[in-house]
Amino acid sequence: MATHFFTASSLDGFIATADHSLDWLLKQDFDAEGPMAYPAFEKTIGALAMGASTYEWVMRHEEGRWGYTQPTWVFTHRALEAPEGADIRFTREDIATVHAEMTEAAQGRDLWVVGGGDLAGQFADAGLLDEVWVQYAPVTLGAGAPLLPRALDLELLDVARNRNFLCGRYRVVGRL
Ligand SMILES: NC(=O)c1ccc[n+]([C@@H]2O[C@H](COP(=O)([O-])OP(=O)(O)OC[C@H]3O[C@@H](n4cnc5c(N)ncnc54)[C@H](OP(=O)(O)O)[C@@H]3O)[C@@H](O)[C@H]2O)c1
C-alpha cells in the first residue's frame, strides 16, 4: 500500500493559477487510455485526501456533483458542506491520524493525495508520502499554487509522453 501525490503541473511548478483557474490544463490534449493517465491510476486508489481549495474547485467545476466513489478526507478549518450521498469527511486532524483512517478505509488499495501541494508536503513532512506523479503541461504560469513547496530528494522511477504532457513518476527518498 502506497500514498501518492498525483497531479498535473505547469512546467514552472504551479498546479493552479493564483485565482485557482485550471483553464490552462483543461484545454490540453491527453489520451485517457495512454501512459500514466488518470483513469488507470484511479482504479488503484482506495481513499483520497484533499485540501479545501481543491475540494471547492471540484465542487465548482462539477456544479455540485461528486464524482469520486472512494472515501475522501477534506482538510479544512471551516464548516463546509458535502453533497448528498458523497463519502466525504471534513477534518482538521493531524496527518498521521488521517493517514491511518484512510489506510483502514482503503482496504489494501493505495492512497491519493489529490492536492494542493502544501497538503502533499504535510504528508511528506510526516514521512507518509511514497510517490509523486506529475503530468507537466506545456505552459508556464509565472505564479500560482505551488506543486510541492518542500525540499525533497526524489528518485525518478518512470517517464512517459502522453500527447501534450511530459509525465514523471518519482519515489520520495526523504528530505533533501
Ligand atoms: N493541476 C492539478 O492537477 C491540480 C490538482 C489538485 C489541485 N489543484 C488545484 O490547486 C489549487 C490548490 O490550492 P491550495 O494551494 O490552496 O491547496 P489546497 O490543499 O487545495 O487547500 C488549502 C486549504 O486546505 C486547508 N488545509 C490544508 N491543510 C490543512 C490541515 N492540515 N488542517 C486543516 N485544513 C487544512 C486549509 O483550508 P481552510 O482555509 O478551509 O482551513 C487551506 O487553506 C486549487 O485551485 C486546486 O483546484 C490542481
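A few comments on the model shown:
- Amide H to amide H distances under 5 Å link SER9 with GLN135, TYR136, ALA137, where only residues 5 or more positions off or on other chains count and H is placed in the peptide plane.
- Protection proxy ranking, peptides 111-123, 86-98, 135-147, average beta carbon neighbours within 10 Å, highest first: 111-123, 135-147, 86-98
- Within the chain, all pairs of alpha-carbon atoms sorted by distance into 5 Å bins from zero give the percentages 1, 8, 17, 21, 23, 18, 9, 2, 0.
- Between LEU156 and ALA126, the simple spin-label model (points 7 angstrom out along Cα→Cβ) gives 3.1 nm.
- Heavy-atom accessible area for GLU101, with the other protein chains in place and a 1.4 Å probe, reaches approximately 80 Å².
- Ordering of 15-25, 66-76 by packing [mean C-beta count within 10 Å, highest first]: 66-76, 15-25
- Computed with every protein chain present, the accessible area of MET1 is close to 110 Å² [probe 1.4 Å].
- Backbone geometry of the range 62-74 corresponds, through the Karplus equation with coefficients 6.51, -1.76 and 1.60 at θ = phi - 60°, to 3J(HN,Hα) couplings of 8, 6, x, 8, 10, x, 8, 9, 6, x, 10, 9, 10 Hz, x marking Gly and Pro.
- The chain: relative contact order as a whole-number percent, Cα under 8 Å and 6+ apart: 35 percent
- Exposure of TYR170 as accessible area (Å², to 10), given a probe of 1.4 Å and all protein chains: 50 Å²
- Shape analysis of the range 34-122 places it in the rounded category; the axes a ≥ b ≥ c from the Cα gyration tensor give an a/c below 1.5.
- A 1.4 Å probe run over the protein chains yields, for the range 105-176, 50 Å² of accessible area per residue, whole-number rounding.
- Only protein atoms count toward the accessible area here, which uses a 1.4 Å probe; on the range 1-117, the carbon and sulfur part of that area reaches 50 percent.
- For ASN162, distant residues with modelled amide H under 5 Å away: CYS167
- Calculated FRET value between LYS43 and ASP87, using beta carbons and R₀ = 22 Å, to 0.05: 0.85
- J(HN,Hα) series, the range 118-135, from Karplus relation 6.51 cos²θ - 1.76 cosθ + 1.60, nearest Hz, glycine and proline x: 5, 5, 4, x, 5, 5, 5, 4, 7, x, 10, 10, 9, 9, 10, 10, 10, 9
The values are calculated or read from the model by the stated rules, or taken from the named source; none is laboratory data. Source: prediction; values computed, not measured. Using ideal geometry, Cβ is built from the backbone for each residue, glycine included, and neighbour counts are taken over all protein chains shown. The area values use the complete protein model at the heavy-atom level, side chains included, leaving out ligands, DNA and RNA. Shrake-Rupley method; radii C 1.70, N 1.55, O 1.52, S 1.80 Å.
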